[in-house]
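Take a look at the structure below.
Rule-based calculations on the coordinates, nothing more; no lab input. Just so it is clear, the model here is predicted, and its values are computed rather than measured. Cβ atoms come from the backbone with ideal geometry, glycine included; neighbour counts cover every protein chain shown.
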Amino acid sequence: MSVRRIAATALCFAAPGLRLRGDGGRLAVFKSSPVGANGKLYLASEDEDVIVVRLGPMFEVLTTNTLHDQTFIATPAVVNGTIYLGGQNTLFAIP
């Protein structure tokens, strides 16, 4: 099963009570595809947030990381265990 399908399935199962929100309380908007690595699913939003979800049978949001003044429309990349996030004007590398 692809990461995108896992994300869609997780969001569908959780959808009745789920509203993925950033730290500012606003609904998250996604243009990039989700990326899975190290047992986690990373969803980079258009609104400054990177939401981390545990991959597994139960849907669980682990954390929301807010990177102020950043818009994420590019899909994150994972290379040799490092996650690369292309923000509006900055490339982030998270080991």
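Near the amide H of LEU55, under 5 Å away, which other amide H atoms are found, from residues 5 or more places off or on another chain, if H is placed in the peptide plane?
Those lying under 5 Å, H to H, from LEU55 are LYS40, LEU41.
Calculate the spin-label point distance for PHE92 paired with LEU55, positioning each point 7 Å from the Cα along the beta-carbon direction, and give it in nanometres.
Going from the LEU55 label point to the PHE92 one covers 2.0 nm.
With the crude spin-label approximation of a point 7 Å out along Cα→Cβ, what separation in nm comes out for THR75 versus VAL29?
Inter-label distance under the simple model: 2.1 nm.
Grab the other residues whose beta carbon is less than 12 angstrom from that of ARG54, score K and R as +1, D and E as -1, and report the net.
With Lys, Arg at +1 and Asp, Glu at -1, the net is 0.
Within the range 31-95, report the trypsin sites (Lys or Arg not before Pro) that DSSP leaves as loop and that have at most 14 other Cβ atoms within 10 Å.
LYS31
If you keep only loop residues by DSSP, which GluC sites (Glu not before Pro) in the range 45-95 have at most 11 other Cβ atoms within 10 Å of their Cβ?
Listed in order of number, the matching sites amount to none.
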